[in-house]
Amino acid sequence: MKSTLLIGNLLAAGAVATLAVSAVQAREPGMPRGERTFERLDKNNSGALEADELGTRSERRFMRLDADKDDKVTRAEIESWLNRLTACRVGRIMDRMDADKDQTVSRTELQDYISGLFLAADADRSGGVTLQEARDYHVAKRKARAEARKRASATRQ
């Protein structure tokens, strides 16, 4: 049981670090890592990305950081965006993990959070999470976030 909690703690810490790194890279132009992203970018379905397919999306996303709309992204604009992103991420972490809302995450709260993750992902209730269950868990979370965004967008219109 102790090794399961240790592994869970390491997984949670790794997930938070991965999310922080991927959030920082979210606007930075780069090659796609996954098949779904590659296919989404490959607009002409040629099986190969062309510079304009990658460049159009990357340019549009990166230039959103241009707060003063002078067609240049400054270091200050990047830092401002990263600070907002970090503040939002910290808020989400605290909302999810700080059960007693005292602005700290105790070891007990962390362990409870990890236990909740395992319960949510362990579809067959075997006491362990297979790679497929972990993937299914992430797919379900992505779908739920997408649905929430659709609902929020519909209420704004």
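The values are calculated or read from the model by the stated rules, or taken from the named source; none is laboratory data. Please read all numbers here as calculations on a predicted model, not as lab measurements. Heads up, the Cβs are rebuilt from the backbone with ideal geometry, glycines too, and the neighbour counts pull from every protein chain shown.
Data table
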item: Residue in the range 75-88 that is farther than 29 Å from residue 41 by Cβ, in the same structural domain as residue 32 (by TED's automatic domain parsing) and surrounded by fewer than 11 Cβ atoms within 10 Å (Cβ to Cβ) present; result: yes
item: Whichever residue in the range 40-83 is among the hydrophobic types (A, V, I, L, M, F, W, C) and more than 16 Å from residue 29 (Cα to Cα) and, among such residues, is farthest from the chain's Cα centre (by Cα); result: 48
item: Residue in the range 30-39 that is in the same structural domain as residue 110 (by TED's automatic domain parsing), under 30 Å from residue 112 (Cα atoms) and modelled with pLDDT of 50 or more present; result: no
